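A.B. asks: Would you mind keeping the following structure in view while I ask a few things?
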Amino acid sequence: MAFFANEQKLTIAMPKGRIFEEAVHFLQQAGLEVTAELQDSRKLVIPVENARLEFILAKPTDVPTYVEYGVADVGVVGKDVLLEEERDVYELLDLQIGYCRMMVAGLPDWKPTEALRVATKYPKIASRYFREQGQQVEVIKLNGSVELAPMIGLADRIVDIVSTGRTLKENGLVELEHICEITTRLIANRASYRMKSEAVDEIAGKFLEVIPGKK
Ligand SMILES: Nc1ncnc2c1ncn2[C@@H]1O[C@H](COP(=O)(O)OP(=O)(O)OP(=O)(O)O)[C@@H](O)[C@H]1O
Ligand SMILES: O=P(O)(O)OC[C@H]1O[C@H](OP(=O)(O)OP(=O)(O)O)[C@H](O)[C@@H]1O
């Protein structure tokens, strides 16, 4: 049976990587037809013919870009990416999966003498946070292994995602300031939200049914 009662086809951008499995599980719970192809193949565009759905598999940071430009109607993406990318999309739902937190961390008892140097994969989030604190900082953009920076003297602090806390702990770092909680969100292209409102509403409604406390 087709997932959608109407004739509108919907393209969904899914994030590859860390939250993919949890997101697929969420889609299945919501009653979407998730083919083995989505989980097992190297294909990046996966149509689900009967359901008038199409999945595209993207790098997490690119999901809002595909949605803003309308090549995907909706997308599944972390709040961290939304805050950093600042794309012009609608944020429809908090799916309450992919829980983690955005933190300032550093070496314990480290007292920086000059203006704070902050290493991060998230330069916009870090700059915004310290500006709001009225604190002048120099932000250094890194692309991963951010925890290295304070250990080897590149930076006084890091701004990064913490989940279990294991990476910080094993590298001798501690959480210092909490910036915000992060979860996975459903976003929509602004034009799709108007032009394909039935299909978008239908998928959002199905998602809502599996979000704890939202039934
Ligand atoms: N412990 C965690 N660390 C990083 N991201 C997490 C964590 N827990 C949940 N997430 C979510 O997963 C997303 C990141 O996934 P992933 O690490 O696969 O992407 P990525 O940072 O683009 O990967 P990479 O740059 O290593 O290829 C984040 O947007 C965030 O919302
Ligand atoms: O609190 P934890 O459970 O240890 O998880 C947090 C770590 O996971 C992420 O890194 P990732 O594995 O994505 O690698 P990266 O350093 O290349 O970004 C994040 O940037 C932290 O380093």
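The values are calculated or read from the model by the stated rules, or taken from the named source; none is laboratory data. Everything numeric here is computed off the predicted structure, so don't read it as measured data. Note that each Cβ is placed from the backbone with ideal geometry, even for glycine, and that neighbours are counted across all protein chains shown.
A.B. asks: Please count how many residues of the range 85-112 are in contact (Cβ under 8 Å) with a residue 12 or more places away in the chain and over 16 Å from V162 (Cα atoms).
C.D. replies: Adding up the residues that qualify gives 15.
A.B. asks: Among the residues of the range 12-51, what is the count of those that are touching a Leu at 6+ places or on another chain (Cβ under 8 Å), away from ligand 1 (no atom under 16 Å from the Cβ) and modelled with pLDDT of 85 or more?
C.D. replies: 3
A.B. asks: Provide a single number: the residues in the range 126-141 that are within 15 Å of A105 (Cα to Cα) and within 16 Å of ligand 1 (Cβ to nearest atom).
C.D. replies: Number of matching residues: 1.
A.B. asks: Among the residues of the range 177-192, are any modelled with pLDDT of 95 or more, more than 27 Å from E68 (Cβ to Cβ) and either hydrophobic (A, V, I, L, M, F, W, C) or in contact with a Leu (Cβ under 9 Å, 6 or more places away or on another chain) (or both)?
C.D. replies: no
A.B. asks: Separate question: In the range 95-120, what residues are within 16 Å of ligand 2 (Cβ to nearest atom) and in contact with a helix residue (DSSP H, G or I) (Cβ under 7 Å, 6 or more places away or on another chain)?
C.D. replies: Result: I97, G98, M102, A105, G106, L107, V118, A119, T120.
A.B. asks: Given the criteria in the same structural domain as A30 (by TED's automatic domain parsing), in contact with a strand residue (DSSP E or B) (Cβ under 7 Å, 6 or more places away or on another chain) and β-branched (V, I, T), does I203 qualify?
C.D. replies: yes
A.B. asks: Here are some residues: P212, P123, P150. Which one is within 15 Å of ligand 1 (Cβ to nearest atom) and not polar (S, T, N, Q)?
C.D. replies: One residue alone meets the criteria, P123.
A.B. asks: Can you name the residue in the range 121-144 that is of a type in the set (G, A, S) and surrounded by fewer than 13 Cβ atoms within 10 Å (Cβ to Cβ) and, of all such residues, is farthest from ligand 2 (Cβ to nearest atom)?
C.D. replies: In this case the residue turns out to be G134.
A.B. asks: Something else now. Checking the condition away from ligand 1 (no atom under 12 Å from the Cβ), in the same structural domain as L82 (by TED's automatic domain parsing) and exposed (fewer than 14 other Cβ atoms within 10 Å of the Cβ), which residue from A191, A115 passes?
C.D. replies: A191
A.B. asks: Now a separate question. Just the residues that are in contact with a Lys or Arg (Cβ under 9 Å, 6 or more places away or on another chain) and either free of Cβ contacts under 8 Å to residues at least 12 places away in the same chain or not assigned by TED's automatic domain parsing to the domain that holds K206 (or both), please, taken from the range 28-46.
C.D. replies: E37, the sole residue that qualifies.
A.B. asks: Considering each of A51, A58 in turn, give the residue that is over 25 Å from Y122 (Cβ atoms) and buried (at least 18 other Cβ atoms within 10 Å of the Cβ).
C.D. replies: So the residue among A51, A58 that is over 25 Å from Y122 (Cβ atoms) and buried (at least 18 other Cβ atoms within 10 Å of the Cβ) is A51.
A.B. asks: Return the pairs, sorted by first residue and then second, in which the second residue is more than 14 Å from ligand 2 (Cβ to nearest atom) and of a type in the set (S, T, N, Q), the first residue lies in the range 155-181 and is more than 12 Å from L107 (Cβ to Cβ) and in the same structural domain as I140 (by TED's automatic domain parsing), the beta carbons are less than 9 Å apart, and the residues are 6+ apart or on different chains.
C.D. replies: E177/Q133
A.B. asks: Still on this structure, I have one more. Only residues that are touching a Ser or Thr at 6+ places or on another chain (Cβ under 8 Å), over 30 Å from G153 (Cα atoms) and not in a strand (DSSP E or B): list them for the range 75-98, please.
C.D. replies: R87, L95, Q96, I97, G98
A.B. asks: Oh, and also: Residues to consider are A105, A72, A119; find the one that is in contact with an Asp or Glu (Cβ under 9 Å, 6 or more places away or on another chain), closer than 22 Å to G205 by Cα and not in a helix (DSSP H, G or I).
C.D. replies: Going through A105, A72, A119 in turn, just one is in contact with an Asp or Glu (Cβ under 9 Å, 6 or more places away or on another chain), closer than 22 Å to G205 by Cα and not in a helix (DSSP H, G or I): A72.
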